[in-house]
Amino acid sequence: MGDMIQTEGVTEAQKNNRINVLAQVGLLSAVIVLMAFTPLGYLRFSVIEATLLMIPVALGAIRLGPRVGAWLGAVFGLTSFAQCFGISWFGTQLASISLLATFVTAMVPRVLMGILVALIYRALVRSKSRETFAMGAAFFASALLNTILFVGLFYLLFGSSDFVRDMQAGRSLMVFLAWFIGINGIVELIAATVGGSIIGTALQRAGVL
């Protein structure tokens, strides 16, 4: 009889844990969508667009692991792809060249970023790094990976297009990429590392993260 009660208790605890995880995933997904379609999610400077959406993706990846990181990265990617239909000038230009390549460029880097951030965080925690450092490094990695993976795939799929050649304007590849990443990458790195760490620490102290 005691064993039966214990088994039922474990099952109920597992159900509650799943519900809790689903609630957190749903909340973070909603935050990504909200940020994506309000000024909270993007800082736009002419053709340069710095995003802050990697922060909720990284939060989920840190808290719930690589599968949730991949899911939230996919939500980020879908909202990014949606921006290509008249919301983002840059995205609209890419969509006019190839809708499929634009979808791949929007999705793949964000999914990989979510997975890798979770793995980086777990590796640092297992190496007995301080929690504050592990979290800060994970947020830093989210911005760095988002930029590197996106720009790399963008140039791979669109590098030979007239649109990119016009943007490059005779610059060498290294100079062009440095210019293209420049402000965008710096803003994202600072925002993700500082802002993400502050939010993550606050949620952790509140018992949420």
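General observations
- The share of Cα pairs per 10 Å bin across the range 2-205, counted from zero up to the longest distance, runs 9, 33, 32, 16, 7, 3, 1, 0 percent.
- Extending 7 Å from Cα along the Cβ direction at Ile190 and again at Phe163 yields two label points whose distance is 2.9 nm.
- Local electrostatic count at Gly91 - Lys and Arg +1, Asp and Glu -1, tallied over other residues with Cβ under 14 Å: +1
- Percent RCO, i.e. relative contact order, over the range 2-205, from Cα pairs under 8 Å lying at least 6 residues apart: 21 percent
- For Leu34 and Ser172, the FRET efficiency from 1/(1 + (r/R0)^6), where r spans their Cβ atoms and R0 equals 35 Å, is about 0.30.
- Extension gain (nm, one decimal) between Phe85 and Arg67, 0.36 nm per residue minus Cα-Cα: 3.6 nm
- Ellipticity estimate at 222 nm from DSSP helix runs (n ≥ 4, -39,500 (n - 2.57)) divided over the chain, nearest 500: -26500 deg cm²/dmol
Just so you know, all these numbers are worked out from the coordinates, no wet-lab data involved. Please read these numbers as outputs of a predicted model, since none were measured by experiment. Positions of Cβ are backbone-derived with ideal geometry, glycine not excepted, and every protein chain shown enters the neighbour counts.
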